[in-house]
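The values are calculated or read from the model by the stated rules, or taken from the named source; none is laboratory data. All values reported here derive from a predicted model rather than from experimental measurement. Cβ atoms come from the backbone with ideal geometry, glycine included; neighbour counts cover every protein chain shown.
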Amino acid sequence: MPKPPPGVAERDFQAALRDLEGVVGRDWLFSSDEDVLLYRDGYSPLWGEAEERMASAAVAPSSVEQVQGVVKIANQYGLPLYPISTGRNLTYGGAAPAYSGSVVVDLKRMNRILDVSARDKTCLVEPGVSYFDLYRHLRTNKIPLWIDTADPGWGGLIGNALDRGGGYTDIEFRDHFDAHCGMEVVLPTGEVVRTGMGASPQAKSSQLFKYGLGPWVDGIFSQSNFGIVTKMGFWLMEEPEASLQVSVTVPKRRDVVPLVDTLHSLMCAHTVPSQVNVVSPLMAGNNPEMLRLRGSGGASDEQWERYAASAGGAPFWAASFVYYGPKSVIAAQWQHTKDRLAGIAGVRFAETASYTFPLTDEQVEAVADKARYGIPSLNLFGSRTVPGGPPLEGHMDFSPMIPPHGEELIALTDYTGKVYADQGFTPSFVGGLMFHPRTMICFHAVPTFRNATDNARTRKLFETLVRGCAERGWPIYRIHPVFQKLGMEMFGYNDGALHRLHETLKDAIDPNGIVSPGRYDIWPRRLRGTRA
Amino acid sequence: MTNRRVFIRSGASLAMLTALPAYATLARQRAMPFDSSSLVLVDSGLDTGPAFAAAAAAEGCTVRTFNRDVAGLWMSAIAPRLRTGPVVLCGHTSASTLFCLDLLARDYGAHTIQSNEEGESVTWVISSSPMRRAALAPLGVRTQWSDSDA
């Protein structure tokens, strides 16, 4: 049997479990070893070690009232809770709690799609609604709206938005937290609050105007532990008439500077609507010479150009993106994009896919890059194997954020390439993804293992990357719970003033410190001394 | 492209599937023969996929195919089937697909009870179990199995 949470006596834990069973019913309380293992982080960088984050039990409420009941019991017994939406965030900790011994509050049973308005292009969902669920609802009911899905698409809308994840379609929708409008939260005291216009009981614009009146508090419920979100509204994209997916390639290393500057300008002008990927085909794979150059951390442009010449003239950088809208508008946008980029010597343009909507089921199956069309997919898992190497056992995402400047992308990949090489790892893929309107995220995969020796190396690599990139002006935007203390230390301006503010809020909102202790290094007063 | 070698390999995989001790036990106890009520999932993008699918269909199984990405089939067929109660799913897919399906199926109290990897493919059985409770498992999962079941 799992052990009770730290500081909770065994008899109190058993009493709490009995009380939880009284709230949700016997079938929805999970307290056996086998049950609790369902909430283990399969990609944990602490797999099998004493510090691995493990739940003590799990409970699956089906309503706001049951969530309130769970919260009441947690307050009574000092039981730490860890709410999850669908728990599929594998590269950022999955369903495992940030604080070992927590009782996972599995919100998957709260999976109602409460409202979809084709006219207003909005929806209101519960936390157990996955991208799969909403996509299927829209398709089955022939509602001409798109979701903006994470990739892979098996996660939940609310969970992904609250951890500030992103997607691939139009700029208004792919910052998932920004695309939300209104939420309902069960506070750690058990009180239910609605934000934005939803706080006005008769308001007809609850999912239309984000701010309501007075301070806009929604942000404090993202990447935090100030409550359990039980409803959330989202803005949805109207299905376009057509789309055109394109790629732009440039031959030289420094071409990425004008390439990114121009594409970012076009993105800000809404000429290029979709997320833009800027990747380096030349710096992919396991070519020994390429890895040597990357590992040196300071190879010159000339050295890279010589390598490029030896690689048969493959382009140094490739950008891909999608236009959505009427065909005539798309044609004009694409032509304007080409005109703006024509000044880069050797630039090449290609049209890779075009569609007219709605798609038939057969056409949907044939779409290669599904997330760009609001279609949830699991195709990403097919790419989890390193070419020519053994299958990855798991990985974490290291996600530094840089300005949308090509020279920063070069500098960051030089730095991380050397760090990986110095610590005996094959460097991760090179690319900048413009999920957000004013930045690029340079995702790196950091492998995790099922043995302590290799995971110790992985943790050292990850810590080096977090510190080193922050020192160079590239802090992370999201991070695995095991490293959230380290991550928040990188946001320590004015001797940690932001962290103190978080703790002030925590003390006020969660006086008994029961919701997700330690998430993003926000500890309740009663646990601040341990910070386990 | 299917050739004789691929066909034989897929036939061997299918024979192995029906001989899997776990599957045979389940089929006997639960009166779930390897027939039209069983759902067999096949990745047609694998070299052995088309031949495996043909062999399973010839055995009277309900075969559903997909090409590399199982998400569409999950939404349209697998998840709805899992919502109805105890289930046995068999498959011939990539390891990454099995990884995804195993994790998704756990929400319904099902998990991989046996698998066999060969090259790029893996043949497997996913089954509901009374020993595993999960957030979305129908109530019936826990009441229809004996303690000796896998």
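From the list A:A319, A:A308, A:A299, A:A353, pick out the single residue that is part of a strand (DSSP E or B), of a type in the set (A, V, I, L, M, F, W, C) and under 18 Å from A:T413 (Cα atoms).
Selected residue: A:A319, the only one of A:A319, A:A308, A:A299, A:A353 that is part of a strand (DSSP E or B), of a type in the set (A, V, I, L, M, F, W, C) and under 18 Å from A:T413 (Cα atoms).
Across the range A:258-297, what is the number of residues that are free of Cβ contacts under 8 Å to residues at least 24 places away in the same chain and basic (K, R)?
So the answer is 1.
Consider the range A:11-27. How many of its residues are among the charged types (D, E, K, R), more than 11 Å from A:Y77 (Cα to Cα) and modelled with pLDDT of 95 or more?
Residues flagged as among the charged types (D, E, K, R), more than 11 Å from A:Y77 (Cα to Cα) and modelled with pLDDT of 95 or more within the range A:11-27 amount to 2.
Give the range A:448-491 a look and list any residue that's in contact with a His (Cβ under 7 Å, 6 or more places away or on another chain) and in a loop (DSSP other than H, G, I, E, B), or say none.
Residue satisfying the conditions is A:T448 alone.
Determine if the range A:87-98 includes at least one residue that is in contact (Cβ under 8 Å) with a residue 60 or more places away in the chain, within 14 Å of chain B (Cβ to nearest Cβ) and within 13 Å of B:A134 (Cα to Cα).
Among the residues of the range A:87-98, at least one is in contact (Cβ under 8 Å) with a residue 60 or more places away in the chain, within 14 Å of chain B (Cβ to nearest Cβ) and within 13 Å of B:A134 (Cα to Cα), which makes the answer yes.
Return the only residue of A:G325, A:G313 being among the small types (G, A, S) and more than 34 Å from the chain's Cα centre (by Cα).
Only one candidate passes the filter, namely A:G313.
In the range A:250-261, which residues are more than 12 Å from A:R438 (Cα to Cα) and touching a strand residue (DSSP E or B) at 6+ places or on another chain (Cβ under 9 Å)?
A:V250, A:P251, A:K252, A:R253, A:D255, A:V256, A:P258, A:L259
Of all residues in the range A:322-350, count the ones that are assigned to a helix (DSSP H, G or I) and small (G, A, S).
The total comes to 3.
Scan the range B:125-144 and give yes if some residue there is within 25 Å of A:W154 (Cα to Cα), modelled with pLDDT of 90 or more and in contact with a strand residue (DSSP E or B) (Cβ under 8 Å, 6 or more places away or on another chain), otherwise no.
yes
Residue by residue, here is whether (1) under 26 Å from A:P240 (Cβ atoms); (2) within 14 Å of chain B (Cβ to nearest Cβ); (3) touching a His at 6+ places or on another chain (Cβ under 9 Å); (4) in contact (Cβ under 8 Å) with a residue 40 or more places away in the chain holds:
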residue: A:P358; (1), (2), (3), (4): yes, no, no, yes
residue: A:S399; (1), (2), (3), (4): no, no, yes, yes
residue: A:A421; (1), (2), (3), (4): no, no, no, yes
residue: A:S428; (1), (2), (3), (4): no, no, yes, no
residue: A:M440; (1), (2), (3), (4): yes, no, yes, yes
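Only one of (1) out of contact with any helix residue (DSSP H, G or I) (no Cβ under 8 Å at 6 or more places or on another chain); (2) among the β-branched types (V, I, T); (3) facing another protein chain (nearest Cβ under 7 Å) fails for B:V70. Which number is that?
(1) is the only condition that B:V70 fails.
Kindly indicate whether A:T195 is within 27 Å of A:N75 (Cα to Cα), hydroxyl-bearing (S, T, Y), buried (at least 21 other Cβ atoms within 10 Å of the Cβ) and in contact (Cβ under 8 Å) with a residue 12 or more places away in the chain.
Yes: the conditions hold for A:T195.
Given the condition among the aromatic types (F, W, Y), under 20 Å from A:V116 (Cα atoms) and modelled with pLDDT of 95 or more, answer yes or no: does some residue in the range A:175-190 qualify?
There is at least one residue in the range A:175-190 that is among the aromatic types (F, W, Y), under 20 Å from A:V116 (Cα atoms) and modelled with pLDDT of 95 or more.
Of all residues in the range A:442-495 being small (G, A, S) and under 21 Å from A:G432 (Cα atoms), which is surrounded by the fewest Cβ atoms within 10 Å (Cβ to Cβ)?
This residue is A:G473.
Residue-by-condition table, conditions (1) surrounded by 20 or more Cβ atoms within 10 Å (Cβ to Cβ); (2) part of a loop (DSSP other than H, G, I, E, B); (3) aromatic (F, W, Y); (4) out of contact with any strand residue (DSSP E or B) (no Cβ under 7 Å at 6 or more places or on another chain):
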| residue | (1), (2), (3), (4) |
| --- | --- |
| A:S205 | no, yes, no, yes |
| A:Y211 | no, yes, yes, yes |
| A:P215 | no, yes, no, yes |
| A:I220 | no, no, no, yes |
| A:S224 | no, yes, no, yes |
| A:K231 | yes, no, no, no |
| A:F234 | yes, no, yes, no |
| A:S243 | yes, no, no, no |
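If you go through the range A:136-165, how many residues are within 14 Å of chain B (Cβ to nearest Cβ) and buried (at least 22 other Cβ atoms within 10 Å of the Cβ)?
Matching residues across the range A:136-165 total 8.
Are any residues in the range B:56-73 over 15 Å from B:S94 (Cα atoms) and in contact with a Cys (Cβ under 9 Å, 6 or more places away or on another chain), and if so, which ones?
The answer is B:A56, B:C61.
Inside the range A:298-336, can you point out the residues that are touching a residue at least 24 places away in the same chain (Cβ under 8 Å) and hydroxyl-bearing (S, T, Y)?
Matches in the range A:298-336: A:Y307, A:S320, A:Y323, A:Y324.
Which condition number in (1) surrounded by 12 or more Cβ atoms within 10 Å (Cβ to Cβ); (2) under 31 Å from the mean Cα position of the chain (by Cα) is the one that A:D361 fails?
Result: A:D361 passes all but (1).
Give the residues of the range A:508-523 that are part of a helix (DSSP H, G or I) and buried (at least 16 other Cβ atoms within 10 Å of the Cβ), sorted by residue number.
Correct list: A:I509, A:R519, A:Y520, A:D521.
Would you pick out the residues in the range A:119-134 that are away from chain B (no Cβ under 11 Å) and in a loop (DSSP other than H, G, I, E, B)?
A:R119, A:D120, A:K121, A:E126, A:P127, A:V129 - these are the residues of the range A:119-134 that are away from chain B (no Cβ under 11 Å) and in a loop (DSSP other than H, G, I, E, B).
Do you know which residues across the range A:494-532 are under 26 Å from A:I73 (Cβ atoms) and among the small types (G, A, S)?
Matches in the range A:494-532: A:A508, A:G513, A:S516, A:G518, A:G529, A:A532.
Just name the residue that is surrounded by the fewest Cβ atoms within 10 Å (Cβ to Cβ) out of those in the range B:73-97 that are more than 12 Å from chain A (Cβ to nearest Cβ) and assigned to a loop (DSSP other than H, G, I, E, B).
B:T84
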